[in-house]
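Single-structure report; data block below.
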Amino acid sequence: MTVSTPLLDTVKLPADLRALEPGQLPQLADELRAETIDAVSVTGGHLGAGLGVVELTVALHYVFDTPKDVLIWDVGHQAYPHKILTGRRDRIRTLRQEHGLSGFTKRSESAYDPFGAAHAATSISAALGFAAARDSKGENNHVIAVIGDGSMSAGMAYEAMNNAAHATRRLIVVLNDNDMSIAPPVGAMSNYLARRFSGYTYRSLRNVARKVAEALPKPMAEAAKKAEEYARGMVTGGTLFEELGFHYIGIVDGHDLENLVPILRNAAAIDHKPVLVHVRTQKGKGYAPAESAADKYHGVSKFNVVTGEQQKAKAGPPLYQNVFGETLTKLADADPKIVAITAAMPSGTGLDIFAKAHPKRMFDVGIAEQHAVTFAAGLAADGMKPFAAIYSTFLQRGYDQVVHDVAIQKLPVRFALDRAGLVGADGATHAGSFDIGYLGALPDFVVMGAADEAELARMVATQVQIDDRPSAVRYPRGEALGVEIPAHLEPLEIGKGRIVREGTTVALLSFGARFGDAQKAADRLGALGFSTTLADARFAKPLDEDLIRRLAKEHEVLLTIEEGAVGGFGAFVLQFMAKDGLLDRGVKIRTLTLPDVFQDQASPAAMIAEAGLDADGIVRAAVEALGREGAGVGAVRA
């Protein structure tokens, strides 16, 4: 008995896929789904969204001549099957690992990734740029944007669609509707209508109708046009997209390759206006543990393929996000003005804990950070105490609102910046590297960094009391340090740090999450014979100027330590010292920051070591600043 070669083994690139017969595509999709499941079971990562677009991925590469035809994914975590089909199958088990494949689309990784995508709702704008460039160059390739998995809740997508009809005629947007309730699927009739609406005969009839309408008096012509659009909208749900200037095709079963392929071919033939193909998919499709999970296995750790059981983390200190959620919930029990806002990340920010206790005071605004910030500003303006819990990297998307709607008006919006600093496997796109600088630049902003979970809890309590200006507390991803949180949370004095250990030679001034490494470094420096002071700045703004003066005057070397980009806490300290004349007193100051590059994904420990912000890096910087390179630093490493 001969065993046939799996189809997936014959497909190295999309050109090989296009050589297959249409009847072979379902088998290829099944094999692609199994390969995706197996790969992610080894690496962990985003699984559910990719499983939902397996058939769509096969159909897109079958119909379109990629990479000549530009295919842009939004968000890139849908693109694992795409990576397997585009020459990266042999490396797919390096996903999100050091020196491995990115968990998102990445231009430097493959010609089949024309645009990097890890934040939501960028695809249509980028695709429109590619289409406009194509038109300017007189070329004729297709440009396709695949948007979904919640991205249509972001306003940027509609801004791009509003512009598209005026900027190009040949652009295809595929809306992957996997659980957004835009419209219910209507089965075989929906597919039938979609094929009819996308086909030549229907389009010809529409063109005839349009010409007839144009010959009518203007009021009658407008009425005829509206009647036709709304008739289609009642059947297919596409009125909104038609109003934006798109030819709407939908709703299409995204798992039915027999219908999906001809519908995409019909869409490719439409060249008088942009096209939106509304595809309905099931997140987690084809893998029972994912289909039955509440989050459809959106993001998973390593897991057993047979049982679906995910690898559990060892018992340890609480996650910082849960410390925040539990603390805010406790404070809200006593203060009815406290409300919480998340931008589609309730569990990621710990606000799912808050929501259970105070459901009417919890607002999930979707992937809409700009709206989240101004919404919080409105709440603050009317006397509430809003906490906007947003990943540091995502708050960048709402920065104009932070400046214009919050800071200028000195509204007491409380920002909780989760994932501040490096984030490991998600890499550069999700690193919270810049918030110290971009918030610290704003007048009257209070910017705090939590050294441990007890400090985080106290800082949240401090924010409750700040009612005359905006504030932010930043904290990292992952486990805290195991420090006991006091039952009574005493608010901090604004702008005052603390000295944890006294010394005379080296001063370590830590801001935020690297405090644990600074403690270890202080121990090792002491073992090397260097008397070391350890201080926790607590505040990047306002600075504790008295503390900085003391450290500068009483030590040979002063190191500032932060898990943030150049231009943050260390820069603020330097600027103050220059203004105060402290740089003329002979102290050697070094600012330890993240390197001035976008660091690729790796384990958090490896990334911290690369940045020189682990205990070894801190010790090395101190010894080098003292001019004593031969002091045997390696001998006291952990």
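The values are calculated or read from the model by the stated rules, or taken from the named source; none is laboratory data. Please read these numbers as outputs of a predicted model, since none were measured by experiment. Don't worry about glycine lacking a Cβ; one is built from the backbone with ideal geometry, like all the others, and counts go over all protein chains shown.
Counting only residues that are surrounded by fewer than 19 Cβ atoms within 10 Å (Cβ to Cβ) and aliphatic (A, V, I, L, M), which one in segment 580-626 is modelled with the lowest pLDDT?
Step by step, filter segment 580-626, then rank; the result is LEU583.
Residues MET156, MET152, MET189: which one is out of contact with any helix residue (DSSP H, G or I) (no Cβ under 6 Å at 6 or more places or on another chain), part of a helix (DSSP H, G or I), closer than 30 Å to ASP600 by Cβ and at pLDDT below 85? Spell out the reasoning first.
Working: MET156 fails: at pLDDT below 85; MET189 fails: closer than 30 Å to ASP600 by Cβ.
Criteria check complete, one pass: MET152.
From the set of residues in segment 251-278 that are charged (D, E, K, R) and part of a helix (DSSP H, G or I), which is surrounded by the fewest Cβ atoms within 10 Å (Cβ to Cβ)?
GLU258
Only one of (1) touching a residue at least 60 places away in the same chain (Cβ under 8 Å); (2) under 27 Å from ILE608 (Cα atoms); (3) out of contact with any Phe, Trp or Tyr (no Cβ under 8 Å at 6 or more places or on another chain) fails for LEU489. Which number is that?
If we test LEU489 against (1) touching a residue at least 60 places away in the same chain (Cβ under 8 Å); (2) under 27 Å from ILE608 (Cα atoms); (3) out of contact with any Phe, Trp or Tyr (no Cβ under 8 Å at 6 or more places or on another chain), just (2) comes out false.
Going by what's in this entry, would GLY478 be described as modelled with pLDDT of 95 or more and small (Gly, Ala, Ser)? Break it down stepwise before answering.
Working: modelled with pLDDT of 95 or more: no; small (Gly, Ala, Ser): yes.
For GLY478, the condition - modelled with pLDDT of 95 or more and small (Gly, Ala, Ser) - is not met.
Being hydrophobic (A, V, I, L, M, F, W, C) and closer than 23 Å to PRO317 by Cα narrows it down to one of LEU442, LEU456, LEU395, LEU411, so name that one. Talk me through it step by step, then tell me what you get.
Values: LEU442 fails: closer than 23 Å to PRO317 by Cα; LEU395 fails: closer than 23 Å to PRO317 by Cα; LEU411 fails: closer than 23 Å to PRO317 by Cα.
The match here is LEU456.
Mind listing whichever residues of segment 413-445 are more than 28 Å from THR94 (Cβ to Cβ), touching a strand residue (DSSP E or B) at 6+ places or on another chain (Cβ under 8 Å) and either buried (at least 24 other Cβ atoms within 10 Å of the Cβ) or charged (D, E, K, R) (or both)?
Kept after step one, since they are more than 28 Å from THR94 (Cβ to Cβ), are these residues of segment 413-445: 413-417, 435-445.
Then keep just the ones that are touching a strand residue (DSSP E or B) at 6+ places or on another chain (Cβ under 8 Å); that gives 413-417, 435-436, 439-440, 445.
Result: VAL413, ARG414, PHE415, ALA416, LEU417, ASP435, ILE436, LEU439.
Output the helices (runs of 4 or more DSSP H) that fall wholly within segment 13-69 and possess 2 or more residues being within 27 Å of GLY308 (Cβ to Cβ) and at pLDDT 95 or above, or say none.
25-43, 54-63
Would you check if there is a residue in segment 49-58 being touching a residue at least 12 places away in the same chain (Cβ under 8 Å), among the acidic types (Asp, Glu), in the same structural domain as GLY284 (by TED's automatic domain parsing) and crowded, with 20+ Cβ neighbours inside 10 Å?
There is at least one residue in segment 49-58 that is touching a residue at least 12 places away in the same chain (Cβ under 8 Å), among the acidic types (Asp, Glu), in the same structural domain as GLY284 (by TED's automatic domain parsing) and crowded, with 20+ Cβ neighbours inside 10 Å.
Considering segment 153-176 alone, what residues qualify as being within 28 Å of the chain's Cα centre (by Cα), of a type outside the set (Gly, Ala, Ser) and surrounded by fewer than 23 Cβ atoms within 10 Å (Cβ to Cβ)? Don't jump to the end; show me each part of the working.
Initially, segment 153-176 is screened for residues within 28 Å of the chain's Cα centre (by Cα), giving 153-164, 171-176.
Among the residues that remain, those that are also of a type outside the set (Gly, Ala, Ser) are: 156, 158-159, 161-163, 171-176.
Once the filter is applied, which keeps residues that are within 28 Å of the chain's Cα centre (by Cα), of a type outside the set (Gly, Ala, Ser) and surrounded by fewer than 23 Cβ atoms within 10 Å (Cβ to Cβ), segment 153-176 yields MET156, TYR158, GLU159, ASN162, ASN163.
Please go through segment 91-129 and give me each residue that is assigned to a loop (DSSP other than H, G, I, E, B), crowded, with 19+ Cβ neighbours inside 10 Å and among the aliphatic types (A, V, I, L, M), ordered by number.
LEU95, LEU101, ALA118, ALA120, ALA121
If a residue counts only when it is out of contact with any Cys (no Cβ under 7 Å at 6 or more places or on another chain), buried (at least 18 other Cβ atoms within 10 Å of the Cβ) and aromatic (Phe, Trp, Tyr), which helices (runs of 4 or more DSSP H) contained entirely in segment 320-395 have at least 2 such residues?
Values: elements: 320-334, 351-357, 369-381, 392-395.
Of the helices (runs of 4 or more DSSP H) lying wholly inside segment 320-395, those with at least 2 residues that are out of contact with any Cys (no Cβ under 7 Å at 6 or more places or on another chain), buried (at least 18 other Cβ atoms within 10 Å of the Cβ) and aromatic (Phe, Trp, Tyr) span 320-334.
Listed here are the residues, each with its yes/no results for (1) aliphatic (A, V, I, L, M); (2) part of a helix (DSSP H, G or I).
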position: ASP517; (1), (2): no, yes
position: ALA522; (1), (2): yes, yes
position: LEU525; (1), (2): yes, yes
position: GLY529; (1), (2): no, no
position: ALA540; (1), (2): yes, no
position: ARG549; (1), (2): no, yes
position: LYS553; (1), (2): no, yes
position: THR560; (1), (2): no, no
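Need the failing condition index for LYS330 against (1) in contact with an Asp or Glu (Cβ under 9 Å, 6 or more places away or on another chain); (2) in the same structural domain as VAL460 (by TED's automatic domain parsing); (3) basic (Lys, Arg), just the number.
Single failed check for LYS330: (1).
Which pairs do you get when a residue that is part of a helix (DSSP H, G or I), found in segment 283-309, comes within reach of a residue that is of a type in the set (A, V, I, L, M, F, W, C), reach meaning Cβ atoms under 9 angstrom, with the pair 6+ apart or on two chains?
Taking only residues 6 or more apart or on different chains, the pairs are PRO289/PHE303; ALA290/ILE37; ALA290/LEU47; ALA290/LEU51; ALA290/VAL300; GLU291/LEU51.
I'd like to check something: does segment 560-579 contain any residue that is over 27 Å from ASP444 (Cβ atoms) and either modelled with pLDDT of 95 or more or touching a Ser or Thr at 6+ places or on another chain (Cβ under 8 Å) (or both)? Before the answer, list the steps.
To start, the set of residues in segment 560-579 that are over 27 Å from ASP444 (Cβ atoms) comprises none.
No, segment 560-579 has no match at all.
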